[in-house]
Amino acid sequence: MKYVDEFRDPDKAKMLISEIIAITESLEITEKHPLQLMEFCGGHTHTIFRYGIEQMLPKSIELVHGPGCPVCVLPMGRVDDCVALAERPNVIFTTFGDAMRVPGSKKSLLQAKADGADIRMVYSPLDCLELAKKNPDKEVIFFALGFETTMPSTALTVLQAEQEGIKNFSLFCNHITTVPTIKAILDSPDMKIDGFLAPGHVCMVVGERPFDFVADNYNKPLVVTGFEPLDILQSIWMLLKQLDEKRNDVENQYARIVPAEGNAPGMDALSKVFELREFFEWRGLGSIDHSGVQMRKEYAGFDAEQKFSVPNLQIADPKSCQCGEVLKGVIRPWECKVFGTQCNPETPMGALMVSTEGACAAYYNFGNLDELLGKREKKAKQQKVASA
Amino acid sequence: MSSVVANIRQRSGKCRAETITMAHGSGGKAMRDLIDDVFVTAFDNEELNKLEDQARFDLSALTNKGDLLAMTTDSYVVDPLFFPGGDIGKLAITGTVNDLAVGGAIPLYLTCAMIIEEGMLVDDLRRIAQSMRKTADEAGVKIVTGDTKVVPRGAADKLFINTAGIGVIAAGINIGTHRAQPGDVVLINGYVGDHGAAIVDARGEMALENTIETDCQPLNSLIQTMLEVCPDIHCMRDATRGGIATVLNEFAQGSNTCIRLDENAMPIRNEVRGMCEILGLDPLYLANEGKVVAIVPADAAEKTLAAMREHPAGLDSAIIAEVTDTPEATVILSTSFGGERIVDMLVGEQLPRIC
């Protein structure tokens with residue numbers, strides 16, 4: 001298939017893998033001290049697992065799967081708020097499909113739908129405006145979710161609703177931002193990451209510059225990365241090249257999509273409608289300053305949080321859940337105490353088991369479960385012996 | 001009674017209504033007219049036309065054909081009712097016929113129960129009944145008894161159909177998920193994922209440029225051809241909901257073997273691949289309605305494949321995987337990119353109401 005197969009060419013993959021092996025050998029990294037590279041974005045995590053990239057890489061490289069899956073990091077309290085909004089009378093609650101299964105403290109949107117709430121899946125926020133026009137006696141609330149990638153489309157929908165004078169449409173805004181989150185990971189004391197694969201689609205909107213601080217202030221290399229398997233391999237190679245040459249730069253592997261300065265009209269729409277929140281709660285990482293956006297006062301009429309009251313309760317994750325440590329690369333997904341047993345894709349306890357883009361769900365679905373559980377037991381035994 | 005009145009009373013029914021009302025399920029004349037005019041006219045066979053409360057058949061006619069009686073049932077709730085290449089009626093026949101056929105049975109008789117939502121168009125029902133008859137003829141089965149219920153608006157979505165079927169399995173056939181052995185070879189009779197993709201396409205939400213047709217077809221003739229060439233087929237299932245990923249997992253778990261799938265060997269249409277790319281779906285989990293996955297001993301693989309490719313329902317057949325011993329109860333995909341990954345059972349749903 002055109003523009004797809006070119007980026008999945010197994011021969012080019014072999015060439016890149018041998019280049020990667022050559023550099024890691026010259027970097028003198030051993031299996032005991034694997035190099036940790038973080039792919040921030042859940043889309044990258046999905047590609048890595050779908051194509052089996054991790055097993056193709058030398059053991060001296062460890063991929064740490066970051067928090068870049070907006071469905072995964074949504075706190076349970078916010079899901080409860082969604083359910084509360086959806087269960088109001090005369091509300092049509094609209095959402096992207098992958099948010100349906102995220103568990104709240106009592107139920108998911110899927111369960112609320114089964115209990116009678118009018119919840120509908122949409123493919124674009126613009127579909128909500130059509131629904132609002134067709135149902136003038138109902139309020140259509142859109143569950144706005146995602147990083148900077150999806151913000152422009154939400155913002156443009158609000159601007160169009162304003163232009164068309166649609167009054168029965170509002171957003172429940174849960175958009176989150178990448179930069180403060182990467183910063184929070186970099187500031188964490190147990191952080192061991194050596195380089196970053198930056199989210200290509202976020203950069204398509206915001207450009208490369210917002211990530212300069214990773215190289216300038218934290219001295220870590222960063223490569224803006226595309227989503228096909230060859231994109232990922234090439235970006236890993238570019239990171240290794242920087243490490244080998246002792247450089248810390250922001251480089252762009254995804255130049256066919258990402259202009260250095262980003263998407264100006266998209267950014268305009270985004271900043272017209274949204275402003276930074278003081279802080280936003282992340283599942284697995286806790287509260288991070290300025291990591292979410294809310295609607296500006298001028299657009300309060302389209303803000304479901306201002307139009308309707310929501311419970312807005314903070315619900316703590318179960319104590320046994322170690323998502324935060326997995327996100328920072330301190331432990332591997334299968335090393336979590338509840339991985340694959342109490343926490344599995346059907347009954348997820350932690351954020352990372354929720355969506356197929358979450359690191360734990362990816363290991364559970366695509367990794368060899370018995371092998372991983374075996375590894376975990378072995379490690380637990382070793383620790384017992386060591387502490388005894 | 002005057003002869004005019006008697007004539008009117010006895011006149012066999014013609015359903016003149018345009019839409020179904022609750023009266024069509026009341027047990028009275030409106031229902032009898034609907035059954036006569038729409039269902040009996042379409043299905044028309046000796047066993048059904050007697051209009052008794054049960055169909056009756058000669059036991060010796062069944063025992064002549066084989067050793068074992070096979071029975072199955074399935075309900076059909078697909079939305080929309082009509083889609084490129086098929087409709088709910090065609091599906092209701094092929095689905096039940098195929099469930100019998102993959103056990104090695106020769107399907108013979110089907111039942112048909114209709115649950116109709118008030119307000120449905122009688123013409124749509126007629127089209128669906130005719131499609132069922134046409135498909136039953138293709139599969140060589142008869143619809144011999146049925147039931148009609150009408151429920152108020154909102155209590156069902158337009159039409160739900162249940163069909164049950166019986167068939168006969170010839171002596172010496174022993175197909176079971178526990179029988180896959182290391183060294184065996186896995187075959188499929190053509191492109192995967194067409195039905196699931198066709199339903200997404202037919203719902204019109206994606207406004208795709210291409211029309212993808214369902215693969216909905218009876219498999220019993222193809223399967224009998226396969227059994228003639230290779231009577232010792234070890235495992236066989238039709239890959240419906242959950243796609244071929246689910247069927248292969250059932251084989252791997254049932255027989256405690258590993259199935260190694262080759263992504264490059266998998267027949268997938270470009271249109272289906274393209275749609276999966278856009279929607280983030282995996283064709284391995286997309287539904288099929290005319291695909292059989294069979295595991296045969298290695299020495300029978302080539303001749304079975306050749307026989308399948310000569311049959312109209314198997315022109316694009318391919319060998320897609322082999323059975324090995326470890327890791328047990330696991331399906332592994334060798335990706336076209338050169339990596340490997342586990343293919344697990346589907347968690348949750350990929351698409352609702354596809355069959």
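Where a number appears in this text, it was derived from the coordinates with a stated rule and is not lab data. Please read these numbers as outputs of a predicted model, since none were measured by experiment. For neighbour counting, all protein chains shown are included, and Cβ atoms are generated from backbone atoms with ideal geometry for every residue, glycine included.
For chain A, the Cys residues with no second cysteine's beta carbon closer than 4.7 Å are A:Cys41, A:Cys82, A:Cys128, A:Cys173, A:Cys203, A:Cys321, A:Cys323, A:Cys336, A:Cys343, A:Cys360.
For B:Thr257, the amide hydrogen comes within under 5 Å of the amide hydrogens of B:Ala329, B:Thr330, counting only partners 5 or more places away or on other chains and with H modelled in the peptide plane. Annotation for the stretch B:152-178 versus the stretch B:68-96: alpha-carbon center distance of 8 Å. Taking a straight line from the alpha carbon of A:Lys183, these lysines sit under 23 Å away, with near neighbours fewer than eight places off in the same chain left out: A:Lys192, A:Lys220, A:Lys246, A:Lys328. Rounded to the nearest Hz, the phi-derived 3J(HN,Hα) couplings of the stretch B:67-80 under the Karplus curve 6.51 cos²θ - 1.76 cosθ + 1.60 (θ = phi - 60°) are 9, 10, 9, 10, 9, 8, 8, 7, 10, 10, 10, 4, 10, x, where x marks glycine and proline. Among A:Ile315, A:Ile92, a tally of other beta-carbon atoms within 10 Å of each Cβ gives an order, fewest to most, of A:Ile315, A:Ile92.
Size descriptors for chain A: radius of gyration and Dmax over Cα atoms are 21.5, 71 Å.
Based on the Kirkwood approach, the hydrodynamic radius assigned to the stretch A:67-108 is 10.8 Å, with every pair of different Cα atoms included. When every Cα-Cα distance of the stretch B:1-136 is counted in 5 angstrom steps from zero, the calculated P(r) takes the values 2, 8, 16, 18, 19, 15, 9, 7, 4, 2, 1, 0 percent. Given a Förster radius of 51 Å and the C-beta distance between A:Ser124 and B:Glu328 as r, what FRET efficiency does 1/(1 + (r/R0)^6) yield to the nearest 0.05? The calculated FRET efficiency here is 0.70.
Working note: Debye formula, equal point scatterers on the alpha-carbon atoms of the stretch A:217-322, no solvent; log10 I(q)/I(0) at q = 0.10, 0.16, 0.17 Å⁻¹ is -0.54, -1.02, -1.04.
Pop out the ³J(HN,Hα) list for the stretch B:119-127 in order, Karplus 6.51 cos²θ - 1.76 cosθ + 1.60 with θ = phi - 60°, rounded to Hz; leave Gly and Pro as x. Result, rounded to whole Hz: x, 5, 6, 4, 5, 5, 4, 4, 4. In chain A, which longest range has no GluC sites (Glu not before Pro) that are both DSSP loop (not H, G, I, E or B) and surrounded by at most 12 other Cβ atoms within 10 Å? Answer - A:32-244. Using only side-chain charges placed at the Cβ, +1 for Lys and Arg and -1 for Asp and Glu, the dipole size of the protein assembly as shown relative to its Cα centre rounds to 1520 debye.
What percent of all Cα-Cα pairs in the stretch A:168-273 falls into each 5 Å bin, going from 0 up to the bin containing the maximum distance? All Cα pairs considered, the percentages come to 2, 12, 20, 22, 19, 12, 7, 4, 1, 1, 0, 0. The 3J(HN,Hα) values that the Karplus relation (6.51, -1.76, 1.60; θ = phi - 60°) gives for the stretch B:279-294 are, in residue order, 8, x, 9, 10, x, 5, 9, 6, 6, 10, 10, x, 10, 10, 10, 10 Hz. Gly and Pro appear as x.
Averaging the Cα positions of each part gives two centres, and for the stretch A:1-78 and the stretch A:255-293 these lie 25 Å apart.
If both residues of a DSSP beta bridge must be in the protein assembly as shown, then about 50% of such bridges are antiparallel. Annotation: amide H of A:Arg120 within the under-5 Å range of A:Phe93, A:Thr94, A:Thr95, sequence separation 5 or more or interchain, hydrogens built in the peptide plane. Exposed loop sites are taken as trypsin sites (Lys or Arg not before Pro) in a DSSP loop (any state but H, G, I, E or B) with at most 15 other beta carbon atoms within 10 Å; the longest stretch of chain B without one runs B:204-352. All distinct Cα pairs of the stretch B:112-221 go into the 1/r average, and the inverse of that average, the Kirkwood radius, is 17.9 Å. Among rounded, prolate and oblate, which fits the stretch B:227-346 when a ≥ b ≥ c are the square roots of the eigenvalues of its C-alpha gyration tensor, a/c under 1.5 means rounded, and a/b larger than b/c means prolate? Judged from the Cα gyration tensor, the stretch B:227-346 comes out oblate (a/c at least 1.5, b/c at or above a/b).
Summary of the geometry: the stretch B:307-326 and the stretch A:303-340, compared by the centres of their Cα atoms, lie 45 Å apart. Between amide H atoms placed 1.01 Å from N, distances below 5 Å from A:Ala198 occur with A:Val223, A:Val224, A:Thr225, all of them 5 or more places distant or on a separate chain.
Extent along the principal axes, Cα only, for chain B: 83, 52, 31 Å, with the longest axis given first.
If r is the Cβ-Cβ distance from A:Lys384 to A:Ala22 and R0 is 41 Å, what FRET efficiency results, to the nearest 0.05? The formula returns an efficiency of 0.55 here. Just so you know, the Cα atoms of the stretch A:310-365 work out to an Rg and Dmax of 11.4, 37 Å. Taken over the Cα atoms of the protein assembly as shown, the convex hull encloses 188 Å³ per residue.
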